[in-house]
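The structure appears below as structure tokens.
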Amino acid sequence: MKIGELLKKGTFSISFEFFPPKTEEGERELFDTIKSLECLSPTFVSVTYGAGGSTRDRTKRVVERIHQQTHMTVMAHLTCIAHSREEIISILREYQQIGIENILALRGDLPANIPNFKPPDGACKHANELVRLIRSSFGEHFSVGVASYPEGHPESPNMDWEIRYFKKKVMEGADFSITQMFFINDYYYRFIDMCYKEGIDIPIIPGIMPITNFRQISRFASMCGATIPDDLIKRLEPHMDDQEETTKIGVEFAIKQCEDLLKNGVPGLHFYTLNKSRATLEIYQAIKDKILALRSYLP
């Protein structure tokens, strides 16, 4: 099913993000996680794509397995910065042939292992160009999602610039967006207000990252420019080496964050699972009644 069409109907979306493991054991563990989350009937799940196309084959394999072995709608992430247009079209044709209808169109990070990296001649250098290529080559076959950054992309000089470039992706044909992780909801609300004033009206689904490893998430947050609240840092720092207590604090925080988002009418919740199910399941159980009420209602 196409995610954009579901969201247009007013469907409240619950979704989970996975990454393609490097080993067979990692893939077995991932599909154990997928099995435990499938019972929540997510609107969709997504599979990430490594910098520079480094996980091209692994991403496709996991996407195909989810599509063939589960009842879940799956969306493939696709980055463009390291691929020629011909390669992008070839990848999309492969997805089209196996029945995939949803793509998350991303520029992608520059390959860290290639000094002085330059994109291939004629490559799509920005996500809006990738959206344009998908639409011009495949029409409406794919529902196309894009990323958004409530605190601004790390390369954005200011939020006005951020909104301007986000709007370009929407104008090229993006159906919906998933945000980068954030921990302070006011950033999301301000971003939505700015989008509304610019006439951007696609659904923008908040991305939720449960903190289960403080050092790891702090590193992720630093890389993407997400602010972790000072009071949450103070609670977590004394327990950096205590996985159980860190998870407890992180889950409690995420529950409150999601409750506030639900109260303020978000179109869905997208969980960055890191291929684990425990934290996401605990959060879901805590807000289950609110979610079920929203999912049973269509305007």
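The values are calculated or read from the model by the stated rules, or taken from the named source; none is laboratory data. As the structure is a prediction and not an experimental result, all values here were calculated from the model. Every residue, glycine among them, receives a Cβ derived from its backbone with ideal geometry; neighbour counts consider all protein chains shown. For the accessible areas, the whole protein counts, side chains as well, though only heavy atoms, and no ligand, DNA or RNA atoms are used. Shrake-Rupley method; radii C 1.70, N 1.55, O 1.52, S 1.80 Å.
In the set (1) open to solvent by less than 10 Å² (accessible area, probe 1.4 Å); (2) in a helix (DSSP H, G or I), the condition left unmet by residue 271 is number (2). If you filter the stretch 193-222 down to residues that are closer than 24 Å to residue 166 by Cβ and assigned to a loop (DSSP other than H, G, I, E, B), you find that the one that is most open to solvent (accessible area, probe 1.4 Å) is 201. The numbered conditions (1) modelled with pLDDT of 95 or more; (2) out of contact with any Asp or Glu (no Cβ under 6 Å at 6 or more places or on another chain) are all true for residue 251 except (2). Only a single criterion out of (1) hydroxyl-bearing (Ser, Thr, Tyr); (2) within 24 Å of residue 166 (Cβ to Cβ); (3) surrounded by 15 or more Cβ atoms within 10 Å (Cβ to Cβ) is not satisfied by residue 84, namely (2). Among the numbered conditions (1) in contact with a strand residue (DSSP E or B) (Cβ under 8 Å, 6 or more places away or on another chain); (2) at positive phi, the only one that residue 265 does not meet is (1). Do we find that residue 225 is closer than 29 Å to residue 134 by Cβ and open to solvent by 30 Å² or more (accessible area, probe 1.4 Å) in this structure? It is true that residue 225 is closer than 29 Å to residue 134 by Cβ and open to solvent by 30 Å² or more (accessible area, probe 1.4 Å). Given the structure, is residue 1 touching a residue at least 40 places away in the same chain (Cβ under 8 Å), within 18 Å of the chain's Cα centre (by Cα) and not in a loop (DSSP other than H, G, I, E, B)? Here the answer is no, as residue 1 does not meet what is asked. Just a yes or no: is a residue in the stretch 28-50 among the aromatic types (Phe, Trp, Tyr), touching a Gly at 6+ places or on another chain (Cβ under 8 Å) and under 25 Å from residue 268 (Cα atoms)? The answer is yes; a qualifying residue exists. When the stretch 54-69 is limited to residues that are part of a helix (DSSP H, G or I) and in contact with a Pro (Cβ under 6 Å, 6 or more places away or on another chain), the one that is most open to solvent (accessible area, probe 1.4 Å) turns out to be 58. Scanning the stretch 147-174 for residues that are under 21 Å from residue 220 (Cβ atoms) and either open to solvent by 60 Å² or more (accessible area, probe 1.4 Å) or not in a helix (DSSP H, G or I) (or both) yields 147, 148, 149, 150, 151, 152, 153, 154, 155, 156. Please determine whether any residue of the stretch 256-272 is at pLDDT 95 or above, farther than 25 Å from residue 44 by Cα and not polar (S, T, N, Q). No, every residue in the stretch 256-272 fails to be at pLDDT 95 or above, farther than 25 Å from residue 44 by Cα and not polar (S, T, N, Q).
Filtered by the rule that a residue be free of Cβ contacts under 8 Å to residues at least 12 places away in the same chain, part of a loop (DSSP other than H, G, I, E, B) and open to solvent by less than 90 Å² (accessible area, probe 1.4 Å), the stretch 228-249 gives a lone residue, 242.
Total residues in the stretch 36-53 satisfying the condition of being in a helix (DSSP H, G or I), open to solvent by 30 Å² or more (accessible area, probe 1.4 Å) and over 24 Å from residue 119 (Cβ atoms): the figure is 2. Exactly one residue out of 117, 138 is of a type in the set (Phe, Trp, Tyr), surrounded by 15 or more Cβ atoms within 10 Å (Cβ to Cβ) and touching a residue at least 24 places away in the same chain (Cβ under 8 Å), and it is 138. Among the residues of the stretch 284-296, some residue qualifies, meaning at least one is in contact (Cβ under 8 Å) with a residue 40 or more places away in the chain, closer than 15 Å to residue 210 by Cβ and not in a loop (DSSP other than H, G, I, E, B). Looking at the structure I just gave you, is residue 33 touching a Phe, Trp or Tyr at 6+ places or on another chain (Cβ under 6 Å) and surrounded by fewer than 23 Cβ atoms within 10 Å (Cβ to Cβ)? No, not satisfied.
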